[in-house]
Structure formats: C-alpha cells, structure tokens
Amino acid sequence: MSTQSVLFETRGGIARLTINRPEARNALNREVREGLWQGLREFIADDASQVLILTGTGDKAFCAGADLKEMADTGMEVPPADWLPYLGRNLHTDKLVIAAVNGVAYAGGFLLAQQCDLVVAADHARFAITEARWSRGSPWAAPLPWLIPPRVALELMVTTDPIDAVRAHQIGLVNRVVPGTDLIAEAEAMAGRIIANAPMAVRASKAMVYAAAERGWSDALDEGYRLFEPVYLSGDAQEGPRAFKEKRPPVWKGR
C-alpha cells in the first residue's frame with residue numbers, strides 16, 4: 001500500500017508507515033486518515049511484519065494534528081468513531097508499534113504518538129494537546145494519566161503549552177531521545193531487538209501491560225499468569241534454554 005500522502009513499506013520483519021504531507025506539517029486530512037487506516041490494517045494482516053514504525057516525512061512535523069481548514073469546511077462536530085485509527089480502541093493488534101517522532105506532535109499528532117506502544121523522539125520534537133485553543137475536545141487523552149502523572153496530563157490539556165522531547169522523556173511519555181539524524185536508525189534498532197526475542201513472549205508482554213491498566217493489583221497478577229501460560233508451554237520455551245546451553249542463537253517458531 002502506498003498513496004501520495006501515506007507511504008507503507010516492509011523490510012526484514014519491520015514495517016514503516018510514513019505520513020507524507022510535509023507541506024501541511026503532515027496534518028490529518030481525509031486522504032492521510034484513510035491511508036493510516038489502510039496501512040495499519042495491512043501491517044496487522046501481514047504475518048511477516050512483526051513491528052511497525054510510524055513516522056512523518058521531513059524534520060519539522062511528525063503530525064500537527066487535524067487539518068483545521070478541512071474541519072472548518074466540513075463543519076465537523078463530534079468526530080465519528082472511525083475518524084482516525086486508534087489502536088486499542090477501534091483497531092487492535094498484539095504486535096508492537098513504535099512512534100518515531102521527527103518533529104511536532106500536536107493534537108491528533110499527539111494522539112498518534114500516545115497510542116503507539118513505544119516512542120522514540122528526535123531531540124527537536126515537541127508535544128502538545130492544543131484542542132482547547134480552538135474549542136475542540138481531546139477525549140482521546142483519557143488514558144494519558146496512565147502514561148504520565150495526572151497533573152502533568154491536565155496541564156498539557158488546559159494550558160495547551162508544548163513540551164520538548166527532553167521533558168517528554170522525563171515524564172515517561174517518550175522512551176528514547178536521539179539526534180534527528182539518528183531517529184529512524186534508533187527506531188529500527190529498537191524494532192530489531194524486539195524481533196530477536198521470542199514472539200509469543202513479546203506479544204504476551206504487551207497484552208499484560210495493557211491488561212494491568214484496567215485491573216487492580218491481584219487481578220493484574222492473575223491475568224499476567226493467564227497470558228504467559230501459553231508462552232511457558234510453547235516449543236519456544238524449550239528452544240530458549242536449549243539454545244543457551246548449545247551456545248547458539250535461538251530459532252523461534254512462535255508456537
């Protein structure tokens with residue numbers, strides 16, 4: 001899949017989905033939104049692709065959010081449930097998704113980064129929830145206090161002030177901050193380290209982290225054991241120690 005506004009490519013088990021509208025700061029017009037839906041669905045359906053990197057073209061903007069000109073023309077009120085793909089909400093995958101934030105991630109761009117499992121940011125990247133500035137809503141940010149301290153989340157929403165990549169890293173919104181020229185290489189290196197691990201264990205880890213967000217302490221532990229039981233009982237669970245003993249790389253079967 002490839003359109004003028006969204007590019008999709010795969011290589012070596014890693015897929016890359018790129019918003020390609022730099023002249024409009026990679027804003028989310030209809031074509032971009034449809035391209036994101038199509039690209040994410042293709043990644044989910046492709047068994048050969050184990051990790052997706054989501055990024056934007058250029059070094060100015062990851063995504064500046066909704067195309068406000070288009071929004072004004074259409075008179076959109078409450079965005080429909082399928083207005084934008086939202087992983088964990090209207091689209092689901094047990095595979096890992098990494099945001100490589102190459103510039104500003106504002107409003108809907110913040111949402112795109114927030115919904116990814118891991119975030120690598122260029123050192124010049126900036127993050128902001130700007131909806132209140134234009135009397136729009138950010139209900140999609142409801143899970144944000146699970147990712148960062150609640151008072152920081154509230155400050156982002158009510159002041160609309162941006163934060164830089166270093167601050168985003170300090171509060172736990174971002175996993176890594178690197179020079180812009182190293183961004184994709186760092187995201188691909190992280191993806192490579194994920195792919196090198198046992199796929200069943202990786203997917204169970206993701207499932208457990210998100211399950212814990214919706215449960216209390218004891219229930220989360222019980223769910224963790226339930227999710228990892230198939231991992232323990234898999235052939236890969238025997239292959240790992242055997243490979244260690246034989247001093248060779250493991251050969252994962254995913255079962």
Inside region 217-245, the number of residues satisfying the requirement of being in contact with a Phe, Trp or Tyr (Cβ under 9 Å, 6 or more places away or on another chain), over 18 Å from Ala207 (Cβ atoms) and of a type in the set (D, E, K, R) is 1
Answer yes if at least one residue in region 238-249 is touching a helix residue (DSSP H, G or I) at 6+ places or on another chain (Cβ under 9 Å), exposed (fewer than 15 other Cβ atoms within 10 Å of the Cβ) and under 21 Å from Ile14 (Cβ atoms), and no otherwise.
yes
Among the residues of region 79-116, what is the count of those that are in a helix (DSSP H, G or I) and buried (at least 21 other Cβ atoms within 10 Å of the Cβ)?
7
Restricted to region 118-147 and to residues being over 27 Å from Ala189 (Cα atoms), among the hydrophobic types (A, V, I, L, M, F, W, C) and part of a helix (DSSP H, G or I), the residue modelled with the lowest pLDDT is Trp134
Which pairs do you get when a residue that is under 19 Å from Lys60 (Cβ atoms) and outside the structural domain of Ile171 (by TED's automatic domain parsing), found in region 120-144, comes within reach of a residue that is among the charged types (D, E, K, R) and surrounded by 14 or more Cβ atoms within 10 Å (Cβ to Cβ), reach meaning Cβ atoms under 7 angstrom, with the pair 6+ apart or on two chains?
none
Only one of (1) on the phi > 0 side of the Ramachandran plot; (2) within 18 Å of the chain's Cα centre (by Cα) fails for Gly192. Which number is that?
(1)
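The values are calculated or read from the model by the stated rules, or taken from the named source; none is laboratory data. None of the values given here were measured: they were computed from a predicted structure. Every residue, glycine as well, gets a Cβ built from its backbone with ideal geometry; the counts of neighbours run over all protein chains shown.
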